[in-house]
Every structure is written in structure tokens, then in C-alpha cells.
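S.K.: One structure coming up, written as C-alpha cells, with questions to follow.
The values are calculated or read from the model by the stated rules, or taken from the named source; none is laboratory data. Predicted model only: the values in this text are computed from it and were never measured. Note: ideal-geometry Cβ built from the backbone for every residue, glycine included; neighbour counts use all protein chains shown.
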Amino acid sequence: MREKIQKITITFRIDPSLKEAAKKVALGAKQTLSRYIEQLVKMDLWRKRLLG
């Protein structure tokens, strides 16, 4: 059984049109907006070699 990772909630502002576009992409990928943003951050960190 995998150990559950503790998640942290943060709040930030995002342009409404950008948010709506991101929600559509997330829905198309069958993800929540939160999960979609998390994946984008992970990919960016990986590309910058800050994440193993």
C-alpha cells in the first residue's frame, strides 16, 4: 500500500479567461483544474532539472 502524501492548499489569483481555458483543457484530459495545474508545475520543475 502506498503512503498517502500530505497535500497543501494555496490560494492565488488567475485571470478569469485563463482559468476558463484551463478548466476546458483539464476537463478534456479528465482531470480537475487543481490536478492539471499540479502537473504543469511538475513538468516545469522537471524541465528546469529542479525535480528528480
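S.K.: Kindly indicate whether Gly52 is surrounded by fewer than 10 Cβ atoms within 10 Å (Cβ to Cβ) and at pLDDT below 95.
M.R.: It is true that Gly52 is surrounded by fewer than 10 Cβ atoms within 10 Å (Cβ to Cβ) and at pLDDT below 95.
S.K.: Give the number of residues within region 19-41 that are closer than 16 Å to Ile8 by Cα and aliphatic (A, V, I, L, M).
M.R.: The number of residues fulfilling the criteria is 3.
S.K.: Just for region 1-36: of the residues that are hydroxyl-bearing (Ser, Thr, Tyr) and outside any loop (DSSP other than H, G, I, E, B), which one is surrounded by the most Cβ atoms within 10 Å (Cβ to Cβ)? Walk me through it before giving the result.
M.R.: Step one: of region 1-36, the residues hydroxyl-bearing (Ser, Thr, Tyr) are 9, 11, 17, 32, 34, 36.
Those left that are additionally outside any loop (DSSP other than H, G, I, E, B): 17, 34, 36.
On the way: Ser17: 8, Ser34: 11, Tyr36: 17.
Ranking the candidates gives Tyr36 first.
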